[in-house]
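Structure first, then comments.
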Amino acid sequence: MTPLFAVFDTMPWWAWGAFFLFIVAMLALDLGVLQRNPHEVKMKEALGWCGVWGSLACIFAGVIWWWRGAEAGQQFLAAYLVELCLSVDNVFVFILVFAYFKVPPRYQHRVLFWGIIGAVLMRAVFILVGVGIIARFHWVLYIFGAFLIYTGIKMALPGKETEVDPAHNAAVRLFRRFFPVAPAEADRSGHFFTLHNGRKMATPLFIVLIVIETTDLVFALDSLPAVLAITRDSFVALTSNIFAILGLRSLYFALNGVMQLFRFLKVGLALILVFIGVKMLIEHWVDISIGVSLGVIGSVLATSVLMSVLIKAPSKAE
């Protein structure tokens, strides 16, 4: 079996199939039943779904722990925590994108739903290919480790705020070249395509979806080395990543408007990326157990959130 398909040797095919059937069933329930009528997702509903996805991830981690052993269970938890925190950056960009396009709150869930599906497919390809490449070219680990350290340092340093400008988005420009886009007033139903002046056109909401997908493509490139630094088990890496992504929509609606309460989380995440990057570079000489890694990740996250809550942000005058 080639290294690319050898990633499926870690678990039987029926386990992969059962996991993806479960994910498809949850997404179908979400879109077909719970979100049949577009509406604005309130804080209470968002927190409820955060609890649902978090509980499902913990239950799945328990199953992995029982079935595959403590190390695999700890790897899942560590990878899930890192990917969940990386998702906070996605949330900040989503807020900027929706504000730029003035997307009504009742349609934001639909955009995020299809954006999440695209993100799941991209992460699946990236992780499975990444595991296969590492199995064949072990030296790639050192490149990933150096990239994580660079990303962590860059994230910790003060810089310009993220900007959203679709005019400079290559995917949007390419799409507009080959497909007409209707004016904003042409469709108020929240659809991605509409008939306008007898022509089928994309709505501005579809342009928002393109921006969301291309943004997540960039974040996927960051998350790939992070998860592979924690585990090279393709099943653990992919399932932890997907659980974190599926909770991203609820996280967006829960955190939208209170992002300032987590202002130190990015610093904590930067420290974690540097830590796992160093771990990846020195693993040939120093073995840092997954238990120690999980303890470091959990401690840094807890400290950064606690500092965000206890230390008030300075006023504009200060």
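The values are calculated or read from the model by the stated rules, or taken from the named source; none is laboratory data. What you see is a predicted model; the values in this text were computed from it and never measured. For neighbour counting, all protein chains shown are included, and Cβ atoms are generated from backbone atoms with ideal geometry for every residue, glycine included.
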In region 169-189, how many residues are at pLDDT 70 or above, closer than 17 Å to Leu209 by Cβ and part of a helix (DSSP H, G or I)?
8
Take region 97-106 and flag every residue that is part of a helix (DSSP H, G or I) and farther than 11 Å from Val208 by Cα.
Pro105, Arg106
Please enumerate the residues belonging to region 84-122 that are of a type in the set (Ser, Thr, Tyr) and under 17 Å from the mean Cα position of the chain (by Cα).
Ser87
Residues that are at pLDDT below 75, at negative phi and of a type in the set (Val, Ile, Thr): does region 206-221 have at least one?
yes
Matching entry among Val278, Val286, Val274 (being modelled with pLDDT under 85 and of a type in the set (Val, Ile, Thr)):
Val286
Test of understanding: among Glu71, Glu45, which residue is surrounded by fewer than 19 Cβ atoms within 10 Å (Cβ to Cβ), modelled with pLDDT of 85 or more, assigned to a helix (DSSP H, G or I) and acidic (Asp, Glu)?
Glu71
How many residues does region 123-168 contain that are of a type in the set (A, V, I, L, M), surrounded by 13 or more Cβ atoms within 10 Å (Cβ to Cβ), at pLDDT below 80 and over 21 Å from the mean Cα position of the chain (by Cα)?
4
Do the conditions hold for Gln108, that is, is it surrounded by 18 or more Cβ atoms within 10 Å (Cβ to Cβ), more than 30 Å from Met11 (Cα to Cα) and among the polar types (S, T, N, Q)?
yes
